[in-house]
Amino acid sequence: MGGAEFKENAYKDLAWKHGNIHLSAPCIYSEVMEALDLQPGLSFLNLGSGTGYLSSMVGLILGPFGVNHGVELHSDVTEYAKQKLDFFIRTSDSFDKFDFCEPCFVTGNCLELSPACSQYDRVYCGAGVQKQHEEYMKSLLKVGGVLVMPLEEKLTKITRTGPSAWETKKILAVSFAPLIQPCHSESGKSRLVQLPPLAVRSLQDLARIAIRGAIKKVIHQEAVNRNGNGLKNTPRFKRRRVRRRRMETIVFLDKEVFASRISNPSDDTSCGDLEEERQGEEATTPPDTRPEPPVNFLREKVLSLPLPDPLKYYLLYYREK
């Protein structure tokens, strides 16, 4: 991760693996996020949390009063996730655009969670779950909670509708590496995984959250007063003529697949024409109409306040950017 040799694969919709570090295809994460039906303030448990990528995205939705826990089998991956989380918090503007629920990662086998652990509103498992572990996974949910996991080669959504009532929905076919079975110690006893306790925020932290929220409301109201609808005026670009690509029609008939191409000569064009048009647009676009780099309005507003610098930096979580 982060090496130049992997950059060419960074935006491909494919699974990725390097050593113990695994990433699912981006389309899988989007399906999972949608199926989890996340809301601010919920509790989330990520089994097989890996790099912490999914947990960080979930944290942007849960907000400061949610719970965000992850369990990862490999200690080196847990440390990697913590490093990436620290970098995200210090440098990403998303931390200021959204209220963040910081993930907390622990190392251990997710099949060995302590019975004393709390139940969660949302649970995701990032490894293939064997049928014999289905009930164990379901037991981690609160009533009304949602569990998303690969079960029997299908990404499955299970909703707990009552103490012993469940609704199951198959989302799509997937292929995940299976869960690793627990390894018992020499004494024959399993090593139970203790999840973090549900901590109560300090009054000082609650004040920081409230102040940041109030500043965001001021920024939004200023934008509304300035633009009328709260939306920043975007620069106008010359409208590019839309060219339709060749249409491919697939016909299914008695398990046979027949493919035929239907193309309209008037819609077709060469790559050379498109490139010439793009270059022409770039040449005629004045430099001042190009979009400006994004501005972190919360940071700018805090730094402009008549406050002591230590208090400003506290409100900004001492972030680098």
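The values are calculated or read from the model by the stated rules, or taken from the named source; none is laboratory data. All values reported here derive from a predicted model rather than from experimental measurement. Reconstructed Cβ throughout: ideal geometry from the backbone, glycine too, with neighbour counts over all protein chains shown. The protein model used for the area step is the full one, side chains on, heavy atoms only, and it has no ligands, DNA or RNA in it. Shrake-Rupley method; radii C 1.70, N 1.55, O 1.52, S 1.80 Å.
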Just one of (1) closer than 19 Å to ASN68 by Cα; (2) open to solvent by less than 60 Å² (accessible area, probe 1.4 Å); (3) among the charged types (D, E, K, R) trips up GLU102, so point out which. (2)
Within the range 62-93, residues buried (at least 19 other Cβ atoms within 10 Å of the Cβ), touching a residue at least 40 places away in the same chain (Cβ under 8 Å) and of a type in the set (A, V, I, L, M, F, W, C) come out as VAL67, VAL71, LEU73, VAL77
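Yes/no per residue for (1) touching a residue at least 60 places away in the same chain (Cβ under 8 Å); (2) surrounded by fewer than 18 Cβ atoms within 10 Å (Cβ to Cβ); (3) over 30 Å from GLY213 (Cβ atoms):
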| site | (1), (2), (3) |
| --- | --- |
| PHE95 | yes, no, no |
| ALA127 | yes, no, yes |
| LYS131 | no, yes, yes |
| LEU155 | yes, no, yes |
| GLY162 | no, yes, yes |
| LYS170 | no, yes, yes |
| SER175 | no, yes, yes |
| PRO182 | yes, yes, yes |
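On the basis of being buried (at least 20 other Cβ atoms within 10 Å of the Cβ), in contact with a Leu (Cβ under 7 Å, 6 or more places away or on another chain), under 22 Å from LEU42 (Cα atoms) and of a type outside the set (Ser, Thr, Tyr), does MET137 make the cut? Spell out the reasoning first.
Working: buried (at least 20 other Cβ atoms within 10 Å of the Cβ): yes; in contact with a Leu (Cβ under 7 Å, 6 or more places away or on another chain): yes; under 22 Å from LEU42 (Cα atoms): yes; of a type outside the set (Ser, Thr, Tyr): yes.
Answer is yes for this residue.
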Can you name the residue in the range 11-42 that is farther than 21 Å from ASP86 by Cα, touching a residue at least 60 places away in the same chain (Cβ under 8 Å) and not in a loop (DSSP other than H, G, I, E, B) and is also most open to solvent (accessible area, probe 1.4 Å) among such residues? GLU31
